[in-house]
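**Q** I'd like to ask some things about the structure below.
The values are calculated or read from the model by the stated rules, or taken from the named source; none is laboratory data. Source: prediction; values computed, not measured. So basically every Cβ, Gly included, is an ideal-geometry build from the backbone, and we count neighbours across all protein chains shown.
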């Protein structure tokens, strides 16, 4: 139990740097995107649409990571994960519709990235919950891919998406926002990767504790059996000794 509590404390301390960096990148992206929109003399309706469309992902993620840093967010951690997984699914569905509106390499890569990120998040955060066991996520084909493969697949898609975005970007604003998007997705994927590593180490600690507990239970049973055997052997030897003496007297 002590090891498990230490691991739980370490989980909220170890990714603290990444969550802080994610919060900083999200805030910087929102501020810069809106400042670029204002500098380009866009009207209020266009700015609001950009907030709802592009910045909605960052706003929800900002709420998620800020809540994790509070006691209430840690208490309802699994509910927050369900909330963000539903939002990932909505983003993936929205990226499917963008393919019909503007078919291209960038839209296809963004769709693939959103699908893999959604599957990776559900695979790591939802499968060990009550809903995950009811949905039998452990028996799904996505469980056959390990943590490293998911992470490097996402990093590869991020690099390809960044290259395509930089080639298609014609302004300095687009280059900056593309770089910030790539940094955000890399940090988020690393955050998921760290939690999966934490879960695996926690399971290993439980297995070690269970095996040590079983061995400790076996030791007193073995001692009792050996003690009984020694007592029986002493009794048998004590019975045999007088019989030998009587034969010698005769």
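**Q** Those residues that are more than 22 Å from residue 185 (Cα to Cα), touching a helix residue (DSSP H, G or I) at 6+ places or on another chain (Cβ under 9 Å) and not in a helix (DSSP H, G or I), I need them from segment 107-154; list them, please.
**A** 128, 129, 140 - these are the residues of segment 107-154 that are more than 22 Å from residue 185 (Cα to Cα), touching a helix residue (DSSP H, G or I) at 6+ places or on another chain (Cβ under 9 Å) and not in a helix (DSSP H, G or I).
**Q** Across segment 64-100, which residue is surrounded by the most Cβ atoms within 10 Å (Cβ to Cβ) among those that are under 20 Å from the mean Cα position of the chain (by Cα), over 22 Å from residue 20 (Cβ atoms) and without any contact (Cβ under 8 Å) to a residue 12 or more places away in the chain?
**A** 90
**Q** So in segment 24-36, with the set limited to residues that are touching a residue at least 40 places away in the same chain (Cβ under 8 Å) and surrounded by fewer than 18 Cβ atoms within 10 Å (Cβ to Cβ), which one is farthest from residue 173 (Cα to Cα)?
**A** Across segment 24-36, the extreme among qualifying residues is 28.
**Q** Still on this model: Quick check on my filter: what residues within segment 134-159 are more than 15 Å from the chain's Cα centre (by Cα), closer than 15 Å to residue 196 by Cβ and at pLDDT below 85?
**A** Selection gives 144 alone.
**Q** Right, another one. Yes or no: segment 173-184 includes at least one residue that is within 25 Å of residue 76 (Cβ to Cβ) and at pLDDT below 85.
**A** No, every residue in segment 173-184 fails to be within 25 Å of residue 76 (Cβ to Cβ) and at pLDDT below 85.
**Q** Okay, moving on. Sort out which residues of segment 39-58 are at pLDDT 60 or above and touching a helix residue (DSSP H, G or I) at 6+ places or on another chain (Cβ under 7 Å), and write them in order of number.
**A** Once the filter is applied, which keeps residues that are at pLDDT 60 or above and touching a helix residue (DSSP H, G or I) at 6+ places or on another chain (Cβ under 7 Å), segment 39-58 yields 54, 55, 57, 58.
**Q** Scan segment 101-129 residue by residue and report those that are within 17 Å of the chain's Cα centre (by Cα) and over 16 Å from residue 161 (Cβ atoms).
**A** Residues satisfying the conditions are 119, 121, 122, 123, 124, 125, 126, 127, 128, 129.
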